[in-house]
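Remarks on the structure that follows.
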Amino acid sequence: MAESSGSGSVSVDVERISFGGKDHLVRTRCGSVTVAVYGDEDKPALITYPDVALNYLSCFQAFFFCPEVASLLLHNFCVYHINPQGHEMGAAPMSSDVPVPSVDDLADQVADVLDFFSLGSVMCLGVTAGAYVLTLFATKYRERVIGLMLVSPLCKSPSWSEWLYNKVLLNLLYYYGNQGLVKECLLQRYFSKKLRGDAQCPESDIVRASRSLLDDKQGENIWRFLHSINERHDLTDSLKKLQCRTLIFVGESSQFHEDAIHMATKLDRRYCALVEVQDCGSLVTEEQPHAMVMPMEYFLMGYGLYRPYQLSSSPRSPLSPCCISPELLSPESMGVKLKPIKTRVGISL
C-alpha cells in the first residue's frame, strides 16, 4: 500500500529477484512507488514506465529477455523500472482514503524518483499510459530527459469513445474488481487479435502468461491508474517544445495507432522517427520485441552508444558502426534514422 506523501524519501529493500536487480520503495510527494533497479549504477539511467494494470515484469519481461535488447541496453544503461502505485507484485489494495493522483502528479513522481537516486538527465522508455506519463514528464522537466522511446503512446485527451469505454471499465473495476470481462478488455488493449486467438485458434503463450500476471493485480489499484489516465490532458501543444530525440513504436493493430501517428506528426520532424510494427498490438515489448532492436540501435548510435562488438553479429539485427551510412550519423539526422520517415517493421518468428 502506498504511504502518504511527505517531503522526505526512504528506500526499503524488498527480498525479491527482479531480473537480477533490487526493488526500492521510494516515497514521493504523491505517495510511494516501487522502483526495480538493475545494472551498473555508474552508467547512464534508463527509466521505464508500463501501461495500465502492468508492472515492469508483465510489460518488459520478453523485451529484456531478448538477447539483443539485453546486450544493447544493459551494456549502456542502468535500468530503473518505475511501477505505478499498487502495481508491484503482491501489492495490497490501496486505501480509498489515499487521493487519486492526477497525471501531473504521476509526472512529478518520476522527478522525485530521479532525485532520490541522484539522477540527472535520463533516457525514458514508456508503454501507452506509461508513455504518456514520461512524455508529460519530458515537457515539464525538459532538461532532465535526453531521449524518449515510446511504445503505442498517448498524447491527446481521450476521445469520447475512449473516455466512455474507460468509464465502463472503471465501473466494472469499482463494482466487481479485476474479474473476467475486465481482463478480456485489458488483453484486447495489449495484444493483437491474432495472439488472443479465437474459437479455432487458442490464445498464445504470451497472452496466457499476461492473463496469469493480471490475476495478481488488485482491482482498486488498476482503477486508480486508469482513472488518472482517463482524465489526462492534451500534450499536443507542448510537443514542439521538447528538447530531446524521440523514437516511437506502434503496432499496426494497436487501439492507439492513430494516437501514435498524431504524436509523430506533431513532434519536430527533425528529431522524431516512427516505426510501425506489422501484425502487432499495442504491447510491442511483449508481442514482437525483436522488431524494436534495429531501430533502437540506430537511435542510440546518435548518443555514441553501441552493443558490445562480440554480440553485434546477430542475424536479427546485423548492425555495427562500420555498416552505418555516414549521413545517418550526421548532426542533421541525429544519427538515428530520425528523418521524417515512416518505417514498417515485420518479424517472422
Those residues of the range 66-78 which are surrounded by fewer than 24 Cβ atoms within 10 Å (Cβ to Cβ) and touching a residue at least 12 places away in the same chain (Cβ under 8 Å), in sequence order:
CYS66, PRO67, GLU68, VAL69, SER71, LEU74, HIS75, ASN76, PHE77, CYS78
Across (1) open to solvent by 50 Å² or more (accessible area, probe 1.4 Å); (2) in contact with a Phe, Trp or Tyr (Cβ under 9 Å, 6 or more places away or on another chain); (3) small (Gly, Ala, Ser), SER210 clears everything bar (1)
Among the residues of the range 232-271, the number that are open to solvent by less than 10 Å² (accessible area, probe 1.4 Å), of a type outside the set (Gly, Ala, Ser) and not in a loop (DSSP other than H, G, I, E, B) is 7
Among the listed residues GLN109, GLN85, identify the single one that is in contact with a helix residue (DSSP H, G or I) (Cβ under 9 Å, 6 or more places away or on another chain), under 15 Å from SER228 (Cα atoms) and in a loop (DSSP other than H, G, I, E, B).
GLN85
Examine the range 98-107 for a residue that is under 21 Å from PRO289 (Cα atoms), open to solvent by 10 Å² or more (accessible area, probe 1.4 Å) and modelled with pLDDT under 95, and state whether such a residue exists.
no
Scan of the range 122-140 for residues that are over 17 Å from SER238 (Cβ atoms) and either in a helix (DSSP H, G or I) or touching a strand residue (DSSP E or B) at 6+ places or on another chain (Cβ under 6 Å) (or both), ordered by number:
VAL122, MET123, LEU125, VAL127, ALA129, GLY130
Restricting attention to the range 149-164, does a residue exist that is on the phi > 0 side of the Ramachandran plot, in contact with a Leu (Cβ under 8 Å, 6 or more places away or on another chain) and surrounded by 14 or more Cβ atoms within 10 Å (Cβ to Cβ)?
yes
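The values are calculated or read from the model by the stated rules, or taken from the named source; none is laboratory data. Computed from a predicted structure; not experimentally measured. With ideal geometry, Cβ positions are generated from the backbone for all residues, glycine too; neighbour counts draw on all protein chains shown. In case anyone asks, the SASA skips ligands and DNA or RNA and just uses the protein heavy atoms, side chains included. Shrake-Rupley method; radii C 1.70, N 1.55, O 1.52, S 1.80 Å.
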